[in-house]
Each structure stands twice: as structure tokens, then as C-alpha cells.
1. Kindly establish whether Pro262 is within 15 Å of the chain's Cα centre (by Cα), modelled with pLDDT under 95 and farther than 17 Å from Gly323 by Cβ.
2. For region 111-123, indicate whether the set of residues that are buried (at least 23 other Cβ atoms within 10 Å of the Cβ), farther than 20 Å from Glu166 by Cα and modelled with pLDDT of 85 or more is non-empty.
3. Quick one: would you say Val151 is at pLDDT below 85 and farther than 18 Å from Tyr263 by Cβ?
4. Checking the structure you have, find out if any residue of region 287-297 is of a type outside the set (D, E, K, R), in the same structural domain as Arg199 (by TED's automatic domain parsing), more than 20 Å from the chain's Cα centre (by Cα) and farther than 26 Å from Thr112 by Cα.
5. Test Val311 against the criterion of being β-branched (Val, Ile, Thr), in contact with a helix residue (DSSP H, G or I) (Cβ under 9 Å, 6 or more places away or on another chain), assigned by TED's automatic domain parsing to the domain that holds His202 and at pLDDT 95 or above, and give yes or no.
6. Are there strands (runs of 3 or more DSSP E) fully within region 28-92 with at least 1 residues that are of a type in the set (D, E, K, R)? List them.
Amino acid sequence: MRLYRIGLFTDAYLPGPNGVATSVYLLKRELRRMGHEAWVLAPEMPDADPREEWVVRVPSVAYPFFENQRLAMPSSRLLPTEFEIFHTHTPLFIGIWGARLAYRNRLPHVSTFHTHLEKYAHYIPGVATLDKYVGIMQKVCQAFYNRADVVIAPTDPVKKLAESYEIEREIKVIPTGIDTDILQAAPDPVSPWPSGKRRLLHVGRLGKEKSVDVVIRALAEIRQESDAHLALVGMGPDQEELTQLAHQLGVGEHITFVGPVPYEKIGGYYRMAELFLFASETETQGLVIWEAQAVGVPVVVVGAEGTLQGVEVGSSGYLVQPGDHREMAQRALELLRDENLRQRFSEGARKFADRRTARRVAEQIVAIYDEATRLVEFEPRRLKIPFPRLPQNSLSNSRQGS
């Protein structure tokens, strides 16, 4: 096996509570375990661990319209080594930086299509309207990913989405890895569920794109038959609105807003839950669904995009129609009524999630690095769509010519 010097370029990283951050962390760790020299290049964050090894923090400023998101100001003076592989994970400032460096130095560029950007356009003032009329987000994705040598999609539906953007590069489907050891090693938290209640869990950002309101409406239906309590792990701009909805539906006292939880501690909440509910229609991979199943929690999930391949229906959980809180409640009650059935689903969930260990995924990605290297050797200057320049002062004094 050839060993590489790899740069993982991402605008989202720990301690940011999202699937991209988690997947990059696990990939970096597994690549290093395999003997590769893997580095993460990510924005500075106020709560980031300054002692974390093999991570370069790029100076950044807060983005006012999206909590925990930073706008980075990259400079090639920060590069820790001369990379042989550039692996980008976001089509934003740091991702563009990595793409430009790869192109200028004629080195392999692999990019993972993590996020359905159109669903997040409302966080950029004016862009949602612009996207509606001219498809600006699709054009950005097309320009960025067509600069890669190979594109990775976490699921088949995401591959189809990327193809609909007219991305002309080869698209490989490789799921995001999960780490059951970290989940199992997490300490037991103070329980957010009152004693004697059925324990329902949701993990995710409290934003419009996650459709948490559907889960709350499902809770109101579930409580007509079962004494259930919902724990919402995560933070976001819609918390006040969701709190008001819960009170309007008469379930305000049956929900605990836990807030953000560090990745190394999230496993404790999964382990204590009896059932995981998730209603987002924008997931490219649904990492939290796999994490819940990895510790034996059956799931009831909206079937859309990346979640469609995230459940073994009738064995590890159920898929329901987008926006249908009544069907979500009905499926949840099936499992809450029958403990033997719930236990069978729990075992099925563990078996299903075992297919996505972080080590197996890293091995598949290294094979993609080999392929990208061969492509660059045979086609060093394939046609690539022009991409906007980054501000010149952010890349001044580059020792790699970017």
C-alpha cells in the first residue's frame, strides 16, 4: 500500500456539531492509523482544542447568519507539509483553497459532496431568492466539483443529486464511517428524561432544514397513547419557535432541550434512548441515524435523499413520508407497544450499522486516492471549469505558487 501526505481541507470541523466535522475527524484518525501523514486544515474556532494533533487552524471570523460557521482567511504559509493528495470537504473558502493548490501544483484533488447546499441558501442573505431564479447554488457546486479528479458521494441518492448538477467527474459512492468505540466509551450523562417516561431522542441542528417541528408534532400524537418524553440534542436558530410550538401542542413539559453536546459525549445519550426520531429532508448521509443504530437504538426516519439508504426497513427501523408526523407517530408507537419487537429492531440496528466502520471507509477512500493519482499522471491538465479567485491578500507569499 502506498502511503500519502494528505491534506483534508474543510470549512466545518470539530468542535462544530455536524456530520461533516465528525466524518473529517474520523477519516483523519483512520488514515493516520494506516500510516498516512494526514492533516486537517480547518477554521479557527473559539472552543477548539489548541493541542489537537495534525490539525492546522486557519484564521477566521464568525459568520453572523449561521451559528458555529466561520469564514476562513487561508494562507499557504500555514501549510504544514507538501501534500500529495488534496481532499476537499466543503466548496467554501478552505475548500476552494485546497482545490486551487491542487490545480496549481498539478496534484490529485478528491472532493466529498457532503451537503445539499440549496437547502442552506436561506442562511445567506439574498441568495435564496437568487438561487430560485438563476440556480446560483447549482452553478457553484458545478464549478467546484468539476475541478476535482474524483468526487465522493456518501449515498446513491446524493450521487444522483450531484449528477443532476451536471458534475462531469467520476462519482464514487462511499458512506461516511462511524466509530462505535467512541460512542460506547462516552460517559453516561445526567438523564434528560424524567423517571418512568419512554425515552425518545433527536440529535441535530435546530434549524429549518432539519424539520424538527415534524418530530414535535409526532410527539404530540405519541403522547395520546404513550407517556413519552423527547430529548432534543443540538442548538440552532429555531429553538424559540420550536419551544412555542411545543407549548401550543401541549407537550412543552414533555421536551428537554439539551443543547449542544461534544462528539465524545454524544454516545451516552444514544445509549439511554429507546427510540430515535428524525425528520430532516435535506440529509446527504444522515450520520446521526447510523450512530443511533450503532448502539442499538431503532429509528423512525423521514425517507428522503441520504436517509433512504440509512435504515434497513422492518429490521433496524422505519422510513416514513416527508412531513408526515402522524405516520412517524404510528411507527414509533408500534415499537413502543411491543418490547420484544423493539429489542429485535435494536439487534438489527447494530448489525446494520456494523457495515460502516470508520476503518473500512478509510480503506475505500485510499483506493480513491490511488485512482486520482493515476488520473493526474495520465491526464495532468483535464478541462476544468474556471473558478473565481480567492482574495489575493489571503494567498500572498505562497510557497506553493497559489
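The values are calculated or read from the model by the stated rules, or taken from the named source; none is laboratory data. Since the structure is predicted, the reported quantities are computational estimates derived from the model, not experimental observations. Note: ideal-geometry Cβ built from the backbone for every residue, glycine included; neighbour counts use all protein chains shown.
1. Yes; evaluated as a whole, the condition is true for this residue.
2. no
3. Answer is no for this residue.
4. Yes, some residue in region 287-297 is of a type outside the set (D, E, K, R), in the same structural domain as Arg199 (by TED's automatic domain parsing), more than 20 Å from the chain's Cα centre (by Cα) and farther than 26 Å from Thr112 by Cα.
5. So Val311 does not fit the description; no.
6. Counting at least 1 such residues, we get 37-43, 55-58, 70-72.
Here's the yes/no breakdown for (1) farther than 18 Å from His109 by Cβ; (2) in a helix (DSSP H, G or I):
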position	(1), (2)
Ala148	no, no
Pro157	yes, yes
Glu163	yes, yes
Ile171	no, no
Thr176	yes, no
Gln184	yes, yes
Pro189	yes, no
His202	yes, no
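Conditions tested, residue by residue: (1) closer than 19 Å to Leu101 by Cα; (2) surrounded by 17 or more Cβ atoms within 10 Å (Cβ to Cβ); (3) more than 15 Å from the chain's Cα centre (by Cα).
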site	(1), (2), (3)
Arg2	no, no, yes
Tyr13	no, yes, no
Pro17	no, yes, no
Val20	no, yes, no
Arg29	no, yes, yes
Gly35	no, no, yes
Trp39	yes, yes, yes
Glu44	no, no, yes
